[in-house]
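Q: Before anything else, here's the structure in question.
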Amino acid sequence: MVSSAVLRAVTIHYLLTHTAAIPGFTEFPDNMRFERLPTTVAATVSRFKDKPLDFEPGTKMRYSNSGYVLLGYIIEKITGRSYGEFIGERIFQVLGMKQSGYDHPANILPHRAAGYSRVGTNIINCIPFAMDTPHAAGALYSTVEDMLIWDGALYSDRLVSARTLEMMFTPFKNDYCYGWFHGKIDNRIGYVHGRGISGFATQVIRLANDRVYIVALSNFDWAKSSDIAEELSLLLFNTQQ
(Lines give C-alpha, C1' and ligand atoms only; values in the text may rest on other atoms or scores of the structure.)
Protein backbone atom coordinates (compact mmCIF):
# COMPACT_ATOMS: atom_id res chain seq x y z
CA MET A 1 0.00 0.00 0.00
CA VAL A 2 1.38 3.42 -0.97
CA SER A 3 1.58 5.97 1.83
CA SER A 4 -0.52 9.13 1.62
CA ALA A 5 2.64 11.24 1.52
CA VAL A 6 3.82 9.46 -1.61
CA LEU A 7 0.37 9.67 -3.19
CA ARG A 8 0.41 13.45 -2.71
CA ALA A 9 3.70 13.49 -4.60
CA VAL A 10 2.07 11.98 -7.73
CA THR A 11 1.13 15.04 -9.73
CA ILE A 12 -0.68 15.64 -13.02
CA HIS A 13 2.68 16.69 -14.46
CA TYR A 14 4.18 13.33 -13.49
CA LEU A 15 1.27 11.46 -15.04
CA LEU A 16 1.61 13.38 -18.29
CA THR A 17 5.36 12.77 -18.48
CA HIS A 18 5.26 9.09 -17.48
CA THR A 19 7.26 9.84 -14.34
CA ALA A 20 4.52 9.03 -11.80
CA ALA A 21 5.96 5.52 -11.21
CA ILE A 22 2.54 3.86 -11.41
CA PRO A 23 2.92 0.27 -12.65
CA GLY A 24 1.69 -0.18 -16.22
CA PHE A 25 -1.29 -2.54 -16.25
CA THR A 26 -0.53 -3.62 -19.83
CA GLU A 27 2.55 -5.37 -18.44
CA PHE A 28 0.60 -7.41 -15.90
CA PRO A 29 0.73 -11.19 -16.66
CA ASP A 30 -3.09 -11.46 -16.76
CA ASN A 31 -3.66 -8.36 -18.87
CA MET A 32 -4.69 -10.06 -22.10
CA ARG A 33 -7.90 -11.49 -20.66
CA PHE A 34 -8.90 -8.02 -19.43
CA GLU A 35 -8.21 -6.40 -22.79
CA ARG A 36 -10.86 -8.55 -24.46
CA LEU A 37 -13.69 -7.95 -21.98
CA PRO A 38 -15.97 -4.93 -21.53
CA THR A 39 -15.14 -3.09 -18.32
CA THR A 40 -15.13 0.35 -16.71
CA VAL A 41 -12.33 2.79 -16.12
CA ALA A 42 -12.89 2.45 -12.37
CA ALA A 43 -12.33 -1.30 -12.64
CA THR A 44 -9.11 -0.75 -14.59
CA VAL A 45 -7.84 1.72 -12.00
CA SER A 46 -8.62 -0.79 -9.26
CA ARG A 47 -6.16 -3.22 -10.88
CA PHE A 48 -3.18 -1.00 -10.12
CA LYS A 49 -4.24 1.50 -7.45
CA ASP A 50 -2.93 -0.57 -4.50
CA LYS A 51 0.29 -1.73 -6.12
CA PRO A 52 3.58 -0.21 -4.93
CA LEU A 53 5.08 2.52 -7.05
CA ASP A 54 8.03 1.53 -9.23
CA PHE A 55 10.24 4.37 -7.97
CA GLU A 56 10.06 7.79 -6.35
CA PRO A 57 7.71 9.90 -8.49
CA GLY A 58 9.44 12.45 -10.67
CA THR A 59 12.89 10.84 -10.57
CA LYS A 60 12.65 8.55 -13.61
CA MET A 61 10.63 8.11 -16.78
CA ARG A 62 8.93 4.78 -17.42
CA TYR A 63 6.13 4.53 -19.97
CA SER A 64 2.91 3.55 -18.25
CA ASN A 65 -0.55 3.30 -19.80
CA SER A 66 -1.91 3.31 -16.26
CA GLY A 67 -0.98 6.97 -15.88
CA TYR A 68 -2.94 8.06 -18.94
CA VAL A 69 -5.95 5.95 -17.99
CA LEU A 70 -5.82 7.71 -14.63
CA LEU A 71 -5.71 11.09 -16.39
CA GLY A 72 -8.87 10.17 -18.29
CA TYR A 73 -10.47 9.04 -15.03
CA ILE A 74 -9.62 12.39 -13.45
CA ILE A 75 -11.35 14.17 -16.34
CA GLU A 76 -14.46 12.09 -15.74
CA LYS A 77 -14.43 12.79 -11.99
CA ILE A 78 -14.01 16.54 -12.47
CA THR A 79 -16.48 17.04 -15.34
CA GLY A 80 -19.07 14.40 -14.55
CA ARG A 81 -18.89 13.36 -18.21
CA SER A 82 -17.39 10.31 -19.82
CA TYR A 83 -13.92 10.77 -21.29
CA GLY A 84 -15.27 10.11 -24.79
CA GLU A 85 -18.03 12.72 -24.42
CA PHE A 86 -15.64 15.30 -23.03
CA ILE A 87 -13.00 14.87 -25.74
CA GLY A 88 -15.69 14.83 -28.42
CA GLU A 89 -17.23 18.08 -27.21
CA ARG A 90 -14.08 20.01 -26.25
CA ILE A 91 -11.78 18.93 -29.08
CA PHE A 92 -13.35 17.08 -31.99
CA GLN A 93 -16.48 19.25 -32.30
CA VAL A 94 -14.56 22.49 -31.73
CA LEU A 95 -12.03 21.65 -34.46
CA GLY A 96 -14.45 19.98 -36.85
CA MET A 97 -12.71 16.60 -36.61
CA LYS A 98 -15.69 14.66 -37.94
CA GLN A 99 -13.83 11.37 -38.47
CA SER A 100 -12.52 11.09 -34.90
CA GLY A 101 -14.01 9.75 -31.70
CA TYR A 102 -13.96 7.20 -28.92
CA ASP A 103 -13.91 3.73 -30.43
CA HIS A 104 -16.89 1.92 -28.95
CA PRO A 105 -16.70 -1.43 -30.80
CA ALA A 106 -20.50 -1.77 -30.94
CA ASN A 107 -20.89 1.51 -32.85
CA ILE A 108 -21.21 1.23 -36.60
CA LEU A 109 -18.58 3.46 -38.21
CA PRO A 110 -18.62 3.95 -42.00
CA HIS A 111 -15.28 2.88 -43.46
CA ARG A 112 -14.04 1.49 -40.15
CA ALA A 113 -10.60 -0.05 -40.74
CA ALA A 114 -10.25 -3.72 -39.88
CA GLY A 115 -7.10 -4.60 -37.95
CA TYR A 116 -4.86 -7.51 -38.88
CA SER A 117 -2.14 -9.50 -37.13
CA ARG A 118 0.32 -12.08 -38.35
CA VAL A 119 1.07 -15.58 -37.12
CA GLY A 120 4.16 -16.83 -38.87
CA THR A 121 3.52 -16.11 -42.54
CA ASN A 122 -0.26 -16.12 -42.16
CA ILE A 123 -2.29 -12.90 -41.90
CA ILE A 124 -5.19 -13.17 -39.46
CA ASN A 125 -7.90 -10.96 -38.03
CA CYS A 126 -6.61 -9.20 -34.93
CA ILE A 127 -7.82 -10.20 -31.50
CA PRO A 128 -10.75 -7.86 -30.78
CA PHE A 129 -10.12 -5.54 -27.85
CA ALA A 130 -12.76 -3.83 -25.76
CA MET A 131 -11.72 -0.17 -25.88
CA ASP A 132 -13.01 0.34 -22.35
CA THR A 133 -9.65 -0.93 -21.11
CA PRO A 134 -7.18 1.33 -22.95
CA HIS A 135 -9.53 4.28 -22.35
CA ALA A 136 -7.52 7.55 -22.36
CA ALA A 137 -4.35 5.61 -23.15
CA GLY A 138 -5.49 4.46 -26.59
CA ALA A 139 -9.23 4.20 -27.27
CA LEU A 140 -9.56 6.98 -29.85
CA TYR A 141 -9.90 6.56 -33.61
CA SER A 142 -9.05 9.13 -36.26
CA THR A 143 -7.87 9.67 -39.83
CA VAL A 144 -4.81 11.30 -41.35
CA GLU A 145 -6.95 14.26 -42.46
CA ASP A 146 -8.39 14.82 -38.98
CA MET A 147 -4.99 14.51 -37.35
CA LEU A 148 -3.74 17.27 -39.64
CA ILE A 149 -6.55 19.46 -38.29
CA TRP A 150 -5.41 18.59 -34.77
CA ASP A 151 -1.84 19.53 -35.58
CA GLY A 152 -2.93 22.88 -36.99
CA ALA A 153 -4.71 23.69 -33.73
CA LEU A 154 -1.43 23.29 -31.85
CA TYR A 155 -0.08 26.40 -33.61
CA SER A 156 -2.88 28.47 -32.08
CA ASP A 157 -4.72 28.95 -28.79
CA ARG A 158 -7.99 27.46 -30.06
CA LEU A 159 -7.86 24.69 -27.47
CA VAL A 160 -5.46 25.80 -24.75
CA SER A 161 -3.35 28.81 -23.90
CA ALA A 162 0.11 29.53 -25.28
CA ARG A 163 1.52 28.86 -21.81
CA THR A 164 -0.07 25.41 -21.72
CA LEU A 165 1.24 24.62 -25.19
CA GLU A 166 4.72 25.61 -24.05
CA MET A 167 4.44 23.20 -21.14
CA MET A 168 3.14 20.50 -23.48
CA PHE A 169 6.27 20.64 -25.62
CA THR A 170 8.84 21.08 -22.85
CA PRO A 171 10.92 17.92 -22.29
CA PHE A 172 11.19 16.43 -18.80
CA LYS A 173 12.84 13.09 -18.07
CA ASN A 174 14.22 11.11 -21.04
CA ASP A 175 13.24 13.95 -23.38
CA TYR A 176 9.56 13.17 -22.88
CA CYS A 177 7.06 16.04 -22.94
CA TYR A 178 3.29 15.80 -22.51
CA GLY A 179 2.50 12.96 -24.90
CA TRP A 180 5.56 13.57 -27.11
CA PHE A 181 9.15 12.44 -27.31
CA HIS A 182 11.44 15.36 -28.10
CA GLY A 183 14.43 14.80 -30.33
CA LYS A 184 16.02 15.41 -33.69
CA ILE A 185 14.83 14.06 -37.01
CA ASP A 186 17.54 14.47 -39.63
CA ASN A 187 19.03 17.35 -37.60
CA ARG A 188 15.64 19.04 -37.29
CA ILE A 189 14.02 19.57 -33.92
CA GLY A 190 11.03 17.28 -33.79
CA TYR A 191 8.41 15.66 -31.62
CA VAL A 192 7.44 12.06 -32.21
CA HIS A 193 5.16 9.43 -30.80
CA GLY A 194 4.05 6.03 -31.90
CA ARG A 195 2.22 3.15 -30.31
CA GLY A 196 0.33 0.07 -31.30
CA ILE A 197 -2.68 -1.95 -30.28
CA SER A 198 -4.11 -5.21 -31.54
CA GLY A 199 -4.36 -4.85 -35.31
CA PHE A 200 -2.90 -1.36 -35.60
CA ALA A 201 0.43 0.50 -35.53
CA THR A 202 0.95 4.26 -35.64
CA GLN A 203 3.64 6.91 -35.69
CA VAL A 204 3.57 10.69 -35.93
CA ILE A 205 6.41 13.15 -36.42
CA ARG A 206 5.93 16.87 -35.79
CA LEU A 207 8.53 19.28 -37.15
CA ALA A 208 7.11 22.53 -35.84
CA ASN A 209 9.81 24.84 -37.22
CA ASP A 210 9.07 23.52 -40.72
CA ARG A 211 5.29 23.29 -40.17
CA VAL A 212 5.48 19.63 -41.16
CA TYR A 213 3.35 16.86 -39.65
CA ILE A 214 3.86 13.27 -40.77
CA VAL A 215 1.30 10.60 -39.87
CA ALA A 216 1.73 6.88 -40.52
CA LEU A 217 -1.34 4.77 -39.69
CA SER A 218 -1.41 1.04 -40.42
CA ASN A 219 -4.02 -1.62 -39.86
CA PHE A 220 -1.25 -4.26 -39.89
CA ASP A 221 0.03 -4.38 -36.32
CA TRP A 222 3.44 -5.66 -37.43
CA ALA A 223 4.02 -2.66 -39.70
CA LYS A 224 7.10 -0.59 -38.87
CA SER A 225 5.19 2.67 -38.80
CA SER A 226 8.10 4.51 -37.18
CA ASP A 227 10.38 3.58 -40.09
CA ILE A 228 7.70 4.60 -42.59
CA ALA A 229 7.26 8.00 -40.96
CA GLU A 230 10.99 8.63 -40.81
CA GLU A 231 11.44 7.61 -44.45
CA LEU A 232 8.70 10.05 -45.42
CA SER A 233 10.53 12.84 -43.61
CA LEU A 234 13.76 11.97 -45.42
CA LEU A 235 11.97 11.99 -48.77
CA LEU A 236 10.34 15.31 -47.99
CA PHE A 237 13.67 16.99 -47.34
CA ASN A 238 15.52 15.04 -50.04
CA THR A 239 17.87 13.52 -47.49
CA GLN A 240 19.60 10.19 -47.94
CA GLN A 241 20.85 8.06 -45.07
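The values are calculated or read from the model by the stated rules, or taken from the named source; none is laboratory data. Note that the structure is a prediction, hence the values are computed from the model and not measured. Cβ: placed from backbone, ideal geometry, glycine included. Neighbour counts: every protein chain shown.
Q: Check off (1) assigned to a helix (DSSP H, G or I); (2) over 23 Å from Ala20 (Cβ atoms) for Leu71 and give me the number that stays unchecked.
A: Result: Leu71 fails condition (2) only.
Q: Which pairs turn up if I take residues in the stretch 134-145 that are under 23 Å from Phe28 (Cβ atoms) and look for partners that are in a loop (DSSP other than H, G, I, E, B) and aliphatic (A, V, I, L, M) with beta carbon separation below 7 Å, at least 6 apart in sequence or on another chain?
A: Hits for this filter: Ala139/Met131.
Q: Any chance you could count how many residues in the stretch 24-67 are farther than 16 Å from Ala136 by Cα, over 15 Å from the mean Cα position of the chain (by Cα) and in a loop (DSSP other than H, G, I, E, B)?
A: Summing the residues that are farther than 16 Å from Ala136 by Cα, over 15 Å from the mean Cα position of the chain (by Cα) and in a loop (DSSP other than H, G, I, E, B) in the stretch 24-67 gives 18.
Listed here are the residues, each with its yes/no results for (1) at pLDDT 95 or above; (2) assigned to a loop (DSSP other than H, G, I, E, B); (3) surrounded by 14 or more Cβ atoms within 10 Å (Cβ to Cβ).
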site: Asp157; (1), (2), (3): no, yes, no
site: Lys184; (1), (2), (3): no, no, no
site: Gly190; (1), (2), (3): no, no, yes
site: Gln203; (1), (2), (3): yes, no, yes
site: Asn209; (1), (2), (3): no, no, no
site: Trp222; (1), (2), (3): no, yes, no
site: Glu230; (1), (2), (3): no, no, yes
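Q: Quick one: is Val215 without any contact (Cβ under 8 Å) to a residue 40 or more places away in the chain and on the phi < 0 side of the Ramachandran plot?
A: When the stated conditions are applied, Val215 does not pass them.
Q: Is it fair to say Gly199 is within 21 Å of Tyr63 (Cβ to Cβ) and over 16 Å from the mean Cα position of the chain (by Cα)? Walk me through it before giving the result.
A: Details: within 21 Å of Tyr63 (Cβ to Cβ): yes; over 16 Å from the mean Cα position of the chain (by Cα): no.
No: the conditions fail for Gly199.
Q: Under the condition of being farther than 30 Å from Asp157 by Cα and of a type in the set (Ser, Thr, Tyr), which residue from the stretch 81-126 is modelled with the lowest pLDDT?
A: First, the residues of the stretch 81-126 that are farther than 30 Å from Asp157 by Cα: 105-126.
Narrowing the set further to residues that are of a type in the set (Ser, Thr, Tyr) leaves 116-117, 121.
Working: Tyr116: 96, Ser117: 95, Thr121: 92.
Top of the filtered list is Thr121.
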